[in-house]
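**Q** Got a structure for you, written out below as structure tokens; questions coming shortly.
Nothing in this text is a laboratory measurement; each read-out follows from the coordinates by a stated rule. All of these numbers come straight from a predicted model, not from anything done at the bench. Using ideal geometry, Cβ is built from the backbone for each residue, glycine included, and neighbour counts are taken over all protein chains shown.
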Amino acid sequence: MPPRLLNLPPLELFRGFVAVGRSLNVTAAARELAITQPALSRQIHALEDALGCALFVRRHRSVELTPEGARLFRTADAWLDQLGEAIEALRPVDPSSVALTTSTGFAALWLLPRLGELQAIHPDVDLRVVASNRVLDLEREAIDLAVRYCPTERAPSGAVRLFGEELLPVSSRPMDLDGPAQDGKAVLLDYDDPTHPLLHWAHWLKASGAPRPRPFRVLRFTQYEQAIHAALAGHGVALGRLALVRSFLATGQLVAATRRRPLPIDYGYWLVSRSRPLGRNAGKVRSWILSRASEEARE
């Protein structure tokens, strides 16, 4: 066996690391992996010991990636996604199950909070969610449905528009970014993805005409849902994508952090179906997504 493979820490440690890196919350990650929080903490410490560096900075109610942790996360997250996709492609497909792929942000912030409703309406549907920021081939990966995020001109043929995109600063407590009281105090939670510059704070500040606050600091995240989880935990102001944070605004977990109107951008969420006819259960899931999106578009 090549020495490099022998030097790799166990795969289980990377699973735990990526789970914590995605949510930046050890308790939530442990729940996702169906293990105890102490067991997951031991996995993280074991990986840090094996690598000889700290991967997280521990906070009161959350954690943050260190520079070394962020570097490892970018590779490990994509690697585990690809490994999971390859394994799923090898497994026999259950004709009664429904496979849906979408981005990690849409899966975590829009789909998962509403899954209980889908299960209550269609308890016979066995749904497999393939959360990946890579655009997967539905035919090759044996996937029934996809929710794509793209400009109108890049929407796939036959795609149905679910809703558009509007951006609004949000935080867990009332505040006004335009107010002088925020000078030197505002903490901006930014989505550190160069492929989506319109979702960066720099774009919103310029396009909305808002004066640039003098932040105490800027926290950057490689996954969009991490920025929203950080806002929910009270760590700063995130640039909320209304389609994804609407439920948090409705419950009061997040509030608008500006008096300015939401900023629309030329991006939307599109529902795509495989080219082959959908099975009965896949048709149920498709109809439910379209109905739910239509209801929210009217709100």
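**Q** What are the extents of the Cα atoms of segment 108-179 along their three principal axes, listed from largest to smallest and rounded to whole Å?
**A** Principal-axis extents of the Cα atoms in segment 108-179, largest first: 51, 36, 20 Å.
**Q** Which order do the peptides 73-81, 217-225 come out in when sorted by mean C-beta neighbours inside 10 angstrom, highest first?
**A** Highest-to-lowest ranking by the protection proxy: 217-225, 73-81.
**Q** Another question, if that's okay. So if I take the centroid of the Cα atoms in segment 232-299 and the same for segment 139-178, what is the distance between those two points in Å?
**A** After rounding, the separation between the Cα centres reads 7 Å.
**Q** For the chain, what size does the Cα cloud have along each of its three principal axes, sorted from largest down, in whole Å?
**A** Cα spread of the chain along its principal axes, largest to smallest: 59, 54, 34 Å.
**Q** Can you compute the charge dipole magnitude of segment 3-88 about its Cα centre, using +1 on each Lys and Arg Cβ and -1 on each Asp and Glu Cβ, nothing else charged? Give it in debye, rounded to the nearest 20.
**A** In debye, rounded to 20, segment 3-88 gives about 300.
**Q** In what sequence, highest mean first, do 152-161, 13-22 appear when ranked by Cβ atoms within 10 angstrom?
**A** Averaged packing, sorted descending, gives the order 13-22, 152-161.
**Q** Of the listed peptides 115-122, 168-175, what is their order by residue-averaged count of other C-beta atoms within 10 Å, with the highest listed first?
**A** 168-175, 115-122
**Q** Hey, another quick one. Using modelled backbone amide H atoms (1.01 Å from N, in-plane), which distant-in-sequence or interchain residues come within less than 5 Å of VAL98's amide H?
**A** Under 5 Å from the amide H of VAL98 lie the amide H atoms of ASP126, LEU127, ARG128, each far enough along the sequence or on another chain.
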